Each structure stands twice: as C-alpha cells, then as structure tokens.
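For reference, the structure is listed below as structure tokens.
The values are calculated or read from the model by the stated rules, or taken from the named source; none is laboratory data. Small disclaimer: the values here were computed from a predicted structure and weren't measured. All Cβ positions, even for glycine, are placed from backbone atoms using ideal geometry, and neighbour counts span all protein chains on display.
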Amino acid sequence: MELTLTEIAELVNGEVVGDGSVIITGVGKIEDALPGQITFISNPKYVKFIDSTKASAVLVGEDFPQVSIPVVRTKNAYFSFLKLLRYFNPPIETLEEGIHPSAVIHETATIGANTRIGAGVVIGKSSRIGENSTIYPGVVIGVDVVVGSNTVLHANVVLRERVKVGSKVILHSGVVVGSDGFGFAREGETYHKIPQVGIVIIEDDVEIGSNCSIDRATLGATIIRKGVKLDNLIQVAHNVEIGENTVIAAQTGISGSTKLGRNMMIGGQVGFTGHIEVGDRVTVAAQSGVSKYFPPDSVVFGYPARPIMQAKRQEAALRRLPGLLKRISELESKLAAFEKK
Amino acid sequence: MELTLTEIAELVNGEVVGDGSVIITGVGKIEDALPGQITFISNPKYVKFIDSTKASAVLVGEDFPQVSIPVVRTKNAYFSFLKLLRYFNPPIETLEEGIHPSAVIHETATIGANTRIGAGVVIGKSSRIGENSTIYPGVVIGVDVVVGSNTVLHANVVLRERVKVGSKVILHSGVVVGSDGFGFAREGETYHKIPQVGIVIIEDDVEIGSNCSIDRATLGATIIRKGVKLDNLIQVAHNVEIGENTVIAAQTGISGSTKLGRNMMIGGQVGFTGHIEVGDRVTVAAQSGVSKYFPPDSVVFGYPARPIMQAKRQEAALRRLPGLLKRISELESKLAAFEKK
Amino acid sequence: MELTLTEIAELVNGEVVGDGSVIITGVGKIEDALPGQITFISNPKYVKFIDSTKASAVLVGEDFPQVSIPVVRTKNAYFSFLKLLRYFNPPIETLEEGIHPSAVIHETATIGANTRIGAGVVIGKSSRIGENSTIYPGVVIGVDVVVGSNTVLHANVVLRERVKVGSKVILHSGVVVGSDGFGFAREGETYHKIPQVGIVIIEDDVEIGSNCSIDRATLGATIIRKGVKLDNLIQVAHNVEIGENTVIAAQTGISGSTKLGRNMMIGGQVGFTGHIEVGDRVTVAAQSGVSKYFPPDSVVFGYPARPIMQAKRQEAALRRLPGLLKRISELESKLAAFEKK
C-alpha cells in the first residue's frame, strides 16, 4: 500500500509543502518512524524532533512553522492522521467468517446475518445477537441477553443473564457485565445476600476496556449511556448511571447508585462514593476521591475532591508548612523577649 | 405472581394501613416503581418522594409517619423488602441441569449429585465437587481442587491446583483463586521466583466479586474465613487471612501476610501494607492506606490511615492553612514595627 | 522425601550446629511449621519465635545467635530456604502431556516440541508457539502471535493478534495482552476511536500477575523488558515501556507513553501520569501518584509524589498543624495586648 504525498494531501484535504512525488508506505511515531513513512506533529513545541526523525514527511496543522522535510498542512492534523492511520492499517482478519462448530448456541437463541462466532463461545437460551457482530472465542453469554449489530465482544468476555448491549459497542477481553451488585442486609454479625434482580443496559457506541466489572442493578438497571468510553480495570457498581460521552481512565471505581453527568472527563484511579450525582462536563483529576455533588463544568482534584483552585492553594500552602513552623517559633521567642522587657 | 397488601402484611409479619385489597404484582425502587408495585422507604427523610412515586403501596418501618398511599408497617422494613424481592423475583433458570457434553472432566474427578456443569468447563485430576453446586461455562478447575456443596462458580472463574472452596460460596466471573503469590529473591539486578507451594482456603458462605485475584500462599494457606464478602477487582496477596464476616468494597488491595480481623468494614480502593494485623470490627474509609495495627473497633481514614477524629482535625486545619499564611505574615510585620520602636 | 540436617547442610553449603542426624521431611513457616520440618529466620529480631515453634530445625544466617533447636548456618539464608523449598516441593503435574483434542489450533499455527496445550485452548492463524511451553485450558491466542519456549500461560489468558511473548515468561490467569489502547479523537461532544495498530512485546523472564491488562500500542509497541515482575490487577497503557527487572506491586496503573527505568521498585496502587520518563532504580511508595520525572535512585512518596524526605517533613508538619493554629491565635492575642499598651 503506497501513496504519494500529493495523493495524501488529497485524501486529507490538505496542501503539500515540498516534493509531492515522495512515496509514502506507512505511518509512524516521530521517534521511531522509518524512511518511507509519514509522521505527525500537532504541537509546535515538538518541532525540534523533526531534525532527528527518519520519516520522509510530516503531517502538520496550519500554523506550523516551516521544517526541513516535506510536509502536508491540514486544518485538523489529528483527524488527518487518524484517516491515514486507518488507510495504511486496514483491519486484519482476526476471526474467520461463520459460526465455529465448537460454539455451543442454544437452539432458541438467534444470531443475525454475517455475525462471526469463534471457537468455544457459549450463548444461552432466548438470547438474541444482531447482524455483523463479532464474538471472539471463549465469550460466555447467559440467557435472555440482547446484543446489537456491529458489536465486538473480545475473547473471554462474560455477559450474564438479561443484560442488554447496544450496537457498535466494543467490549474488550475479560469484561464482565451483569455480575451481582454488592448488596447485603446485616443481621447481627452475618450478612444476607440481597438478590440482584436488575439488569445492565449498555447503549450504542460504548467501548469498555479489558477486565472491567459492570454490576447488574439490585432493581432497575445499571446504565452506560451512548458513546461512553471506559478504560481498563474499572468498577461500575449496581444502579450506577454514566451519562453520554463520558470518558473514564483506568482503575476508576464508581460506587452504587451514583449518577455521572454527560461528557465528563475522569482520570485514572478515581473513586466516587455512592448515591451522589455529578454534573455534566465535570473534569476529575486522577486519584481523586469524589464524595459529593459538583455542578456542571467544575474541575475537581484531591482527596476529598475540591475545586482545583482551592486544592492547589492548599497544596502550595502545604509545601510551605515546614517553613511556617520555624517562623512561628521565631515569632514566639521574639514576643517572649518583648514580654521580658 | 400477585399478592394483596393484606397477604403481603402476613408474609412480612406486618400491618396494613389503608386498603388491604390493593393488588401488588412486583417490587420497585421509589423513583421508578410502576402502578401495581410496592416500594420501600427505610429512612423517614425520603418521605417526600412518596408524593411523586407511581407505586401502589410502600413498605415502611414502625416509626414512619402517615403518608398518602397504603403502607405496610413492619419491624424490619429492610428485611421485609428482601423477602418480597425474593418472592416476586424467583431465581430464573440460568443453566440447564446435568453436565454439558462439551465439559472436560478428568476421569478421577468426582461430581456430587444435582451439580450442574456448563459447556466447556474443565475439571482436573482428583478434584472433588460437592452436591447442588453450579459451575457455569468456561470455568477452569485445576488438579486436586475441592469445592463444597451449593456453591456457584460463575462463567470463566479459574481455580488453580489444590485450592479449597467451601459450601454456599459464590465466585463471580473472572475471579482467579490460587495464582502464584508475588515472591522473588533478589540476586544482583535480577529476581528469582520463590515457588509458591501453599494453597488458598475459602470457607463457607463467602462471596467474591468479579475479576478479583486471590493468590496462593508461599507456604501454608491464604485464608478467607466464613461469611466474608468481597466486592469486585480486589487483590488478596499470598498468606493473607481475612476474618469472619468482614466486608470489603471494590478495588481494595491487601498485601502479603496481612491478617484482617472479623466483621471489619472496609471501603473501596483501600490499601493494606504487608505483614500487619488489624483488629476486629475496624472500619476503614475508602481510599485509605493502612500501614500499621489498629485496635478493635477503631474507625480510621486517610493516607496514611489515622483514627478518624485525628484525620478530620488535620483535614479541617488544612483547609485553614492558606489563611494561616496571611496571619503569620501580619504577625511578623506587626512585630517588626514594634521592634523598630 | 526426607533429608538429615547434615544432608541439608551439604545441599545449601552450610554448617550444622546441633544434632546432624535429625530427619527433616519438609519446610514450614516459623509460626505453623510441624515437627519434622525445618523453618527459616532471616532477621535476628524474630529469634523470640524460636521458643514457640514446633519445627525440628531452623535455617539461619551466619550472624545469628545460638538457639535452643538445631540450626543450619549458611551465607545466604534466604536463598538456601528457596533451595529447600524447591527440594521438598517439586512441581506437581498440573497439565497432561500433549495437545488436548478439544483445543482448536489453526492449521497454519506451529507448536514446538513438548509444549502442552490444555482443553479448549484456541490458537489463531499463523501463530507460533515455542518448545516446552505450557498453555492451560481456556487460553485464547489470536492470529500472528509469537510465544517463546518454556513459557507458561495460565488458564483463561488472552493474547490478542500480533502480540510477541518471549521465553521463560509466566502469565497468570485472566491476563489480557494486546487489548486496544485508550485513544479517541474528540469532535464536538463525541469521540472517534483511534485505531490501535501497534503491538505488545513481552521479553524473556517476565512474570505478570492475574487479571492484569496490557494494552497494545497505537503505533509501535508497548514493551515490557526482560525480567520485569508485575503483581496482579495492574494496568499498562498503550506505548508504555517498562525497563529491565523493574518490580511493580498490585493495582498500580501506568498511563500512556510513560517510560519506566530499570530495576525500579514500585509499590501497590501507584499511578503514573502519561508521557513521562522515570529514572533507573527509582523507588515509589505505595499509593503514590507520580506526575513528573525523577532522577535515578530517587525514593519518592505521596500524591503528588515527592522525594521521600520532603514528603515526610510535610507529613510531620501536617500532624503539628492543629497545634499550630492554637499557637498563632495566642501570638495574635499577646500582640494585641502589647498594642493596647
């Protein structure tokens, strides 16, 4: 697969500066691109790397300074890069067509056209899988499950009974959807299990990273709205609702019945306490502990999480604390000297 | 399935206030219950939600104020709710009877009466499974494993060799029991693996959430005592012991050889350092880091964890720290003015 | 299996003090060793446990005081213990020889001599597995994967397409290698997936704990260098590189493109921000948040992580903060009294 720079410029609706006949055979990161590859710089501060790159050309934004190798200028360098990345790396065939004979599919389950099902997959009674979906080996789907179209379930995903997964969803390996919520009624020293009879709803265009745990609701549904993106090893407890297009980094945990807004950006290893609501577009810094409501568009940080300006003021004061101790001791001795006089 | 309010009152040993002939067909959360359902309020402060609920009746405690819809009063509203929840949501059949023909069970393994075994399950040499247990598809059980009766192993659980799991235990999908403990002997720059030849013992009535990792002991046993409840994505290192009925929220990690007391309540994302002991009934707030012994009945919080009163005093002082800086500067300039005089 | 103390001393190149004819049948921890077992004390401060142990002998270092039971003195007591542990606990046969007939191996895949493959294993097109490796039941290996020799993949491990795993590697159950990195391009309120076309390279002698997630690179490779040891439930994001012999405790997360040095020692539940580099032999205390570069041999701690001396000074000052508030108030009132005069 190869394109000239001029052809690349056409593909990304950009403009060549330099030799348009240069042949490009792939895309690479600036630090390890090979001759024949095109690389990409979005931030002008990385322009210094141009001198040492082996790439034959570079994709840049419109405001980028002139550099020593041919460039393709484009309005949105990042999206253009995405386009080229897809062009030069067409998806490889990772699962054969059809349904593998070793899959165990209940006679009452229905499978849409063109859906691929790998070796050892198990699909339970009355479950319905849409069209053009891909179910890799080792996936276990319980009874009465619904999966949409163009959805990908990677190897060893588990969908428990009655779970609903939308279309164009990607669940990475080891994801468990619909495990029981963590609910017990205490009696003296022992705990009785509260049956978790609710479900999980995962809407369209959601992506969930490997080894995440998404618990079913006690009653009602745990809901992951359209367009949500979860990184790996995330905990979503029973009856949580995550608003549309919210993005959450790895190892974050959301306690029971908490409702997150839309378009939130949440760092890694964050914890949310249970039974709270958080506003739309709130940003939460990594490792924070969110224990109460924050209004839309807040930026919060720390443990417990506070608005970022307040948290940073405290941080700064904290760094000066050891010095303070000395200053107070000095004040005290000076004052004592005065008192003697 | 339906009951009149009068029949419900009998079932939960309570008393109807209002029309006992109202027909109830299910149970719902107060905010999304439908007409025909009964809902539940334990805390009088939620009484305001009564006006907007569509539920036909509500289950309340004995001290609850009078409200506009029929109620069933009962001594323990929460337990009564649990009873109704079970009544209206009988377990659905999620795995067929018998042993699926695709399961691979070693000829020396023994399986108790009425135990159900799903597709693709693997059970190793000399392993023994009790009666009435349920082993979902994709579970892998190694050699010499013992599993009790009435135990449920959800899809894709792994039990490594020589692990012992009791009766009435529930292990959720993705749980790994008996992986090697993290032990190495350093020699210069490299590490030699210390063989982990111990086992894991999980006693009766334990429940372990999805994707937890429970490591085998180096020597001896990692032990999870009767009645312990673990949420999802929890790390239990080699030679840990968790006391009876201790409850631990998601993503907490317990380092090697640490011994937790009975009836502890531990929040999410807590870390315990290795080789410590913690007393019975200690409560640990979420995201704390516990690095030393605390006596029974302590309530601890923070990083590093301290008794909660001390931690809160420090928190409060910290919030006043930026103001303090100003006060000290003022003191210094006043004192300097004095000194000039 | 049994040895006399004299034979043990020969095996570990040590010296018996006491009766060399004592027969030893196994190894135990000091607190639960049985008669007939030898135990081990490395730290002289544990000498007090000798009085209550039931062990018949104890393995100690050269500087150890005299005790009441026979000892074997040796230069490196820990390594000697390791040797005995291996001697008395030879590996048990946990997977039968050969390839289980239920395994689904693509006709173009190659499997080295003496490699054992368990029930239900799936190996994709063009993948190549080395000699003497062990692949437990339920493992799913995608297309074009390379696995070296003497490598162990425990039950339900997933290796996605094009991943490369070296020799003498151990991957514990539930590990996912090669899931997509977490990369999206934002357009208005929605996110477009950035194809993750890179790979993962795991070099020789690496061990990775259960339920870890190792994402593939966007472009290029996520690299785990020779001798790295990862505990359980660790997140390794796309394009991360972990230097040789670095050891990381459970539940730590490393964000995208971060490069860790060699021989680092990293505690549990640590978070690393993305796009940073950290020096060789840096030690990071548990639960820290590392957000910037630290030079080789640093010891860092806290959130955000700071050099440990600085962090401890701040900790100490923080503990004195509530008292400080009182001292400042006193200063203020004294000064006010002066001003009145």
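Looking only at segment B:275-294, residues that are over 19 Å from residue C:303 (Cα atoms) and touching a strand residue (DSSP E or B) at 6+ places or on another chain (Cβ under 6 Å) come to 6 in all. On inspection, residue B:215 qualifies as in contact with a strand residue (DSSP E or B) (Cβ under 7 Å, 6 or more places away or on another chain), among the charged types (D, E, K, R) and in the same structural domain as residue B:254 (by TED's automatic domain parsing).
Going residue by residue through segment A:75-88, is there one that turns out to be over 29 Å from residue A:232 (Cα atoms) and modelled with pLDDT under 95? Within segment A:75-88, one or more residues are over 29 Å from residue A:232 (Cα atoms) and modelled with pLDDT under 95. Among the residues of segment B:184-209, the one identified as under 25 Å from residue A:237 (Cβ atoms), of a type outside the set (A, V, I, L, M) and assigned to a strand (DSSP E or B) is B:207. For segment C:35-93, the strands (runs of 3 or more DSSP E) that sit wholly inside it and include 1 or more residues that are under 29 Å from the mean Cα position of the chain (by Cα) and farther than 15 Å from residue C:13 by Cβ are C:37-41, C:57-60.
Of all the numbered requirements in (1) surrounded by 24 or more Cβ atoms within 10 Å (Cβ to Cβ); (2) in contact with a His (Cβ under 8 Å, 6 or more places away or on another chain); (3) of a type outside the set (Gly, Ala, Ser); (4) more than 9 Å from chain C (Cβ to nearest Cβ), residue B:215 misses one, and that requirement is (4).
Hey, does segment A:148-157 have a residue that's away from chain C (no Cβ under 14 Å), within 17 Å of the chain's Cα centre (by Cα) and at pLDDT 95 or above? No, segment A:148-157 contains no residue that is away from chain C (no Cβ under 14 Å), within 17 Å of the chain's Cα centre (by Cα) and at pLDDT 95 or above. Just one of the listed residues (A:56, A:80) is surrounded by 15 or more Cβ atoms within 10 Å (Cβ to Cβ) and without any contact (Cβ under 8 Å) to a residue 40 or more places away in the chain, namely A:56.
Inside segment B:112-140, residues that are touching an Asp or Glu at 6+ places or on another chain (Cβ under 9 Å) and among the aliphatic types (A, V, I, L, M) make up a count of 1. Among the residues of segment B:101-124, is there at least one that is more than 8 Å from every other protein chain (Cβ to nearest Cβ), in a strand (DSSP E or B) and over 30 Å from residue C:90 (Cβ atoms)? Yes: one or more hits.
Checking the structure you have, find out if any residue of segment B:135-142 is within 13 Å of chain C (Cβ to nearest Cβ), in contact with a Lys or Arg (Cβ under 6 Å, 6 or more places away or on another chain) and outside any helix (DSSP H, G or I). Yes, the conditions are met somewhere in segment B:135-142. When the test is whether a residue is over 27 Å from residue A:182 (Cβ atoms), at pLDDT 95 or above and either basic (Lys, Arg) or buried (at least 16 other Cβ atoms within 10 Å of the Cβ) (or both), residue A:298 passes it. Scanning segment C:162-178 for residues that are farther than 22 Å from residue B:174 by Cβ and within 12 Å of another protein chain (Cβ to nearest Cβ) returns C:162, C:168. Of everything in segment C:1-23 that is among the β-branched types (Val, Ile, Thr) and in contact (Cβ under 8 Å) with a residue 60 or more places away in the chain, the residue that is surrounded by the most Cβ atoms within 10 Å (Cβ to Cβ) is C:8. Given the condition charged (D, E, K, R), under 42 Å from the mean Cα position of the chain (by Cα) and either outside the structural domain of residue B:254 (by TED's automatic domain parsing) or within 30 Å of residue C:333 (Cα to Cα) (or both), answer yes or no: does some residue in segment B:322-333 qualify? No, that holds for no residue.
Looking across C:122, C:143, one residue alone is crowded, with 21+ Cβ neighbours inside 10 Å, free of Cβ contacts under 8 Å to residues at least 40 places away in the same chain and in the same structural domain as residue C:223 (by TED's automatic domain parsing). It is C:122.
Residues in segment C:253-269 that are buried (at least 24 other Cβ atoms within 10 Å of the Cβ), more than 8 Å from chain B (Cβ to nearest Cβ) and more than 17 Å from residue C:281 (Cα to Cα): C:253, C:255.
Does residue B:81 fit the bill of being in contact with a Leu (Cβ under 9 Å, 6 or more places away or on another chain), of a type outside the set (D, E, K, R) and at negative phi? For residue B:81, the condition - in contact with a Leu (Cβ under 9 Å, 6 or more places away or on another chain), of a type outside the set (D, E, K, R) and at negative phi - is met.
Scanning segment B:54-66 for residues that are under 9 Å from residue B:39 (Cα atoms) and of a type in the set (S, T, N, Q) yields a total of 1.
Scanning segment C:188-212 for residues that are surrounded by fewer than 22 Cβ atoms within 10 Å (Cβ to Cβ) and among the β-branched types (Val, Ile, Thr), we see that the one that is nearest to residue B:211 (Cα to Cα) is C:201. Restricting A:286, A:311, A:317 to residues that are within 14 Å of chain B (Cβ to nearest Cβ), within 29 Å of residue B:231 (Cα to Cα) and of a type in the set (Gly, Ala, Ser) narrows the list to A:286.
Residues that are facing another protein chain (nearest Cβ under 10 Å), among the hydrophobic types (A, V, I, L, M, F, W, C) and surrounded by 24 or more Cβ atoms within 10 Å (Cβ to Cβ) within segment B:218-241 comprise B:219, B:228, B:230, B:233, B:234, B:236, B:237, listed in sequence order. One residue stands out among those in segment C:270-290 that are aliphatic (A, V, I, L, M) and closer than 25 Å to residue B:290 by Cα: the one that is surrounded by the fewest Cβ atoms within 10 Å (Cβ to Cβ), which is C:285.
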